[in-house]
Each structure stands twice: as structure tokens, then as C-alpha cells.
Amino acid sequence: MKTQVLIVGGGVVGLSAALFLLEQGITPLLVERHAGTSVHPRARGFDTRTMELYRELQLSETIREAGKALAPAWGILTGSSLASVLKGVKPGKKKSPEKVLGSEGLARLSPESATRCTQDISEPVLLNAIKERGMQVAFHTELISFTQGEEGVTALVRNRDTNEEQTIHASYMIAADGAKSPVREQLQATTSGRGAIADLLNIYFEADLAEFVRGREFSLLIIKTKGLLASINNSNRWVFHLHYDPANKPEDVTAILKEVIGLPEINIRIISILPWQPTVKVVNEMQHGRVFLSGDAAHVMTPYGGKGANTGIQDVHNLAWKLAAVINGLASSALLQTYDRERQPVGLHNAIASGEWADKYGIIQRKFSNIFDIVQAVIRARIAYSLGLHRLGHRLEMKRVAGLTGLPDYKYQSVKQYRKATTLTGETGTRMPHMWVTEKTSTLDFLGKEFVLFTQNDHAWKTDLPIKICSVLKEDIAILVRPDGFILWRSDVHKDSFEKAFKQYTQTPSALYSL
Ligand SMILES: Cc1cc2nc3c(=O)[nH]c(=O)nc-3n(C[C@H](O)[C@H](O)[C@H](O)COP(=O)(O)OP(=O)(O)OC[C@H]3O[C@@H](n4cnc5c(N)ncnc54)[C@H](O)[C@@H]3O)c2cc1C
């Protein structure tokens, strides 16, 4: 069997990779070991940037709607039990996190906002979209081994129903095979990071608390040294992450959960118990020849900060258009090297930050220094806005708050190094600024498929290159944007230089941003 791209793993990252490739006109082959999508809720939300990417696929509204039961679950509580903490809280209408944070300035920087949606709900939405686009996923099919050479990757897969083995020849392979990544192991890819922090049991259970929490919804309840209660649908599904000693497993988990909830009469049904370790482990190289590591296969992080699934989805969005450009002969294979250069530092940065939020029990800790910094930045930004100092307000929010909401607060550059973006106003290497062009159309809505040159006036900027010209800017400048929405070049000079920028970038991308 032959394919241009083989995706290993049909989790949220593998499924997203398939959709981003389909958007580029490439139909990949996706093999997934399990019989279907995740039955466990796992990651509970998508950040602003991921929602921008799902917007490109016309899926952001479907995802928001699918996850709406969890939408009011915001805020981190601390206490000895749920009942004791909620006793003092009067039911009322929940304010949106933007209102609580006072970060409405940031909300103007994107047509989308972060949303809640657990993986057991979002993955079927993605799978359905794949099927609607005419592609099938090979479930219950496992990658057994692979080799690679000059021409491509040869993979041996086995159908777990029939035990039938098959050889697949692929030009490229995306490993989205999760935290234990057999592909990463076979490649013997070296990693960095502090490793496993603690041992937790992820207990997924049913308990009807709908009436009890209505109007007092919460995201997380920290029970110090013991664990963390997470809302799954604000109604009857919950997860408790219990800190435990693997040599001394707890016997009566139900009794522990009753204590955590603080309502002794409550009925509890355990759905599943999974041991896991909050871990910080990041590969040093995301590209190994024709194999690209992505998602948890490339960077395992703790769930704190909510970047695990998001970083992975944003990895494969960065990769999909590059693979398509090389496969279609638009760019040299050197372009693919920019995947590791751009994404590895982002994964490392997010993973390290996620580890800093964990205490020695592997439970999220509220760091007052961090919270103080954020509140201070928000207040300063509001003062700046009220004085008409919009640039200063923008910079203050970008520095401290943008990353939390998931705006891409980093800047790609020609070296492999994390660089914070201090602004989202059109600098090279940053995400194209969002502006409403019409009531419902954002500048970002022109992106996703091809290179776009944003200009004020299209007559001056005609080109034979495969670049879409989009005359929507109010100023007399031109901004050349990659299909993934990052700015390659900007200028108010003549069209020669944007054509030169495009050609140089697609052939020798290391020249990027030094133009
Ligand atoms: C129990 C649990 C709870 C979590 N909770 C949170 C949370 O609250 N918040 C958060 O941000 N993150 C959470 N995470 C992490 C989050 O789920 C991951 O970051 C996210 O799923 C990464 O997606 P992925 O597609 O890279 O990997 P995965 O979702 O792990 O998908 C990898 C897929 O590859 C498949 N696979 C593996 N080997 C092969 C093979 N040889 N052949 C074919 N298929 C293969 C697997 O079956 C799996 O479906 C949790 C993870 C777990 C396990």
C-alpha cells in the first residue's frame, strides 16, 4: 500500500493532523491501535489558538456546542471537601473568565475564544469531519515497526481483529502515538525535562451532583496533599486525581471519593481508574529524517496550564502545510526542517511551565507570585487602555496574560529558540493580526490553505506565484502570510521583494525573517 503521509495514532493530534492535511489536498493514511476514539474525557479544553485552527476547518462552533455542558466550569477552589468549600458559595450566574480576569482587550485579538470540550466528545467531532471529507481511519490497526530511507518510510502494520499484517510505503510519517510513543522509542530520540513528578490515580466516576453545583460550577478543587477533583460535565461525571503510593494502592476508592465530595449518602459509580504520572519530557529533535514526532509523542507535559493537547494540535497545523508544499513541489525539503526549529522550543517552553504549576504530589498549586503578576499586569493594562495608551496595554497583556488564554504569544525565528512575542500587530514571525473585515469575517478567515499577501490595494501587487492577494488592509503596507497564519515578510516597498521573499523562503527557509 502506498501513501504520501502515514499518521500513526488517532488521538486528538492524529485526527487533527488528518484534517489539516485534507485541507491542503493531501489524503493521509491514519492507523489507530484502539477500536475507536477516546472513551476517557482526558484534556478538557481548547485554547484560543486551537479554536482559530478549528475555525479554519469550520468546526469551532460544532466543538463549542458539543462541549457546552462543561462551559461554566471555571475557577480553582481549595479545601478539604467539595461540600465544605461550596457551603459558603451562593449560587449565581457565572462570569466569563475574560470578565473575571478583566482581559477584554485580549478578546479583541482573536475571532475565537478558548472553549471547554473533553476529548471523548471532541474526538468524535473530528472523526466525523474526516469521514465527511471522504477519508476513512484504520481503527484497530497497530504500527508494529518501520524503517526509513532516501525514498520514504516503510511501515509494518497489523489489523488487531484479523491479525493480518500489511506493509505501507509512505513518503513521510507523522508520529502522533502519544506519551509512550513506540515510534519515539524505536527512533531512540533523546529527551529533556525533569521526568515524572509523582504518581496519581485518575479516577473517572459518576455521581449526580447537578443540583448541588448548579450556579456554583468550578473547574478544579484542590484537596491539598491528597488530590484534585475536576468537573467533566458539571452534572454527573467527574474525575478525581488521587495522589498515591504504587507500592500501597488504596483499597476503597469509593470511600475516598465520598470524603472528597463530603456528602456521605451520595451514590458513586466508578467508570475507570488509570494510573498516570504528571511528567515533563520533551524530545530534543521533532524531525528524524522523514518521521515527525508530534503531540504527546514529542512533549509530555502536566495538564496544568491546559497546553498538552493544544500544543500538539498546533504542531501538526505547523507541519501539514509544509508537507503539502514539499509533496506538491512548491518548496524544497529544507522547509520541513523549520518544523523542529519552530515547534520544539514551544513544546519545551509549555512543558516546563506545566511542571512549574505542579507541587511535589503532582497536584496543581496556586502560586501567589504568578497570580499577583497576572493581576498586576491586567490592572496596569486597563489603566493604559483608559489613558488611550493602547500599545502599552497590548504589550502588558501579551507579556503576562495572552499565553494563558492561548493566544500565540511566541514568535518564530530562524534559530531554534523560544522567543516571546511582545505584540500581535504584524511583526514577522508572529501570528497575523485579527481584524474584522466584515461583521463576521476575520483576516484569519483568509488563511489556512495557501500563502496570502494582505495589502490595501491589489492592483499594485499582481503575481504569477501561488499567492492569494487579499486587499483588506486600511494602511498602505503589505504583509505576506504563510498558510498557517504566521507572517513571513512585511513591507511597504515594491512587489519584487515579496516575490523574492516567497522564493527564498520556499527554497532556503533558513533565510526567513532575516529578509
Ligand atoms: C488519563 C489522562 C488524563 C488526561 N487529562 C488531561 C487534562 O485534564 N488536561 C490536558 O491538557 N491533558 C490531559 N491529558 C493529556 C492529553 O490527553 C494529551 O496531551 C493529548 O491526548 C495528546 O494527544 P495525542 O494525540 O498526542 O496523544 P493521545 O491522545 O495519547 O493519542 C495517541 C494515540 O496513538 C495510539 N497509538 C499508540 N501507539 C500506536 C501504534 N503503535 N499504532 C497505532 N496507534 C497507536 C493510541 O492508541 C492513542 O489513541 C490526559 C491524558 C491522560 C492519559
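The values are calculated or read from the model by the stated rules, or taken from the named source; none is laboratory data. Just so you know, these numbers come straight off a predicted model, no measurement behind them. Neighbour counts run over all protein chains shown; Cβ positions are idealised from the backbone, glycine included. Ligands, DNA and RNA are stripped out before the accessible areas are found, and what is left, the full protein with its side chains, is counted by its heavy atoms. Shrake-Rupley method; radii C 1.70, N 1.55, O 1.52, S 1.80 Å.
General observations
- Kirkwood Rh in Å, taken over all unlike Cα pairs in the range 406-446: 11.3
- With every protein chain in place and a 1.4 angstrom probe, the accessible-area ranking of H317, H169, largest first, reads H169, H317.
- Kirkwood hydrodynamic radius (C-alpha pairs) into Stokes-Einstein, the range 214-288, 25 °C and 0.890 mPa s, D in µm²/s: 166
- Altogether, the Stokes-Einstein calculation at 20 °C and 1.002 mPa s, with the Kirkwood radius of the chain over Cα pairs as Rh, returns a diffusion coefficient of 89 µm²/s.
- Relative packing of 63-70, 26-33, 85-92, which averages over residues the other C-beta atoms within 10 Å, highest first: 26-33, 63-70, 85-92
- In terms of its Cα atoms, the range 366-451 spans 44, 36, 23 Å along the principal axes, sorted from long to short.
- Note on L57: accessible area approximately 0 square angstrom, rounded to 10, probe 1.4 Å, nucleic acids and ligands left out.
- Taken as entire DSSP H runs, the helices of the chain that both span 15 Å or more between Cα atoms along their own long axis and average 1.6 or more on the Kyte-Doolittle scale are 12-23.
- Here's the picture: a label point sits 7 Å out from the Cα of Q188 along the beta-carbon direction, and within the range 145-176 the residues with their amide nitrogen under 18 Å of it are 145-149.
- Cross-link partners of K224 among aspartates and glutamates, defined as those whose alpha carbon lies under 14 angstrom from its own and excluding same-chain residues fewer than eight positions apart: E259, D359.
- Each Lys and Arg contributes +1 and each Asp and Glu -1, all at the Cβ; summed about the Cα centre of the range 178-276, the dipole is approximately 360 debye.
- If you wrap the Cα atoms of the range 94-223 in a convex hull and average its projected area over all directions, you get 14.8 nm².
- Rel. contact order, % - alpha carbon contacts under 8 angstrom, at least six apart, the chain: 16
- Taking all protein chains as shown and a probe of 1.4 angstrom, T162 keeps an accessible surface of around 80 Å².
- For I273, the accessible area of its heavy atoms, probed at 1.4 Å with every protein chain present, is near 80 square angstrom.
- Positive-pole candidate from S192, I203, W238, dipole of the range 159-317, charges at beta carbon: S192
- Overall, the ratio between the Cα radius of gyration of the range 1-102 and 2.2 N^0.38 Å, rounded to two decimals, is 1.49.
- Within the accessible area of the chain (1.4 Å probe), percent carbon and sulfur: 50
- Electrostatic dipole magnitude of the chain [Cβ: Lys, Arg +1; Asp, Glu -1; Cα centre; debye, to 20]: 1540
- Efficiency of FRET from Cβ geometry, K180 and K2, R₀ 35 Å, rounded to 0.05: 0.80
- When +1 charges are put on Lys and Arg Cβ atoms and -1 charges on Asp and Glu Cβ atoms, the dipole computed for the range 164-233 relative to its Cα centre reaches about 540 debye.
- By accessible area with a 1.4 Å probe, ligands and nucleic acids excluded, highest first: order of S38, S354: S38, S354
- Fully extending the segment from R160 to K360, taken as 0.36 nm per residue of separation minus the present Cα-Cα distance, adds 68.0 nm.
- Annotation: peptides 219-229, 298-308, ranked by per-residue average of other Cβ atoms within 10 Å with the highest first, follow the order 298-308, 219-229.
- Each DSSP beta bridge with both residues in the chain is either parallel or antiparallel, and the antiparallel ones are about 75%.
- Percent RCO, i.e. relative contact order, over the range 165-279, from Cα pairs under 8 Å lying at least 6 residues apart: 34
- Average accessible surface for the range 206-357: 36 Å² per residue, computed with a 1.4 Å probe over protein heavy atoms with every protein chain in place.
- Under 22 Å from the Cα of K2 - lysines, other chains or at least 8 residues apart: K131, K322
- Between I144 and D476, the contour length at 0.36 nm per residue exceeds the alpha carbon distance by 114.0 nm.
- Accessible heavy-atom area order of E475, E499, highest first, probe of 1.4 Å: E475, E499
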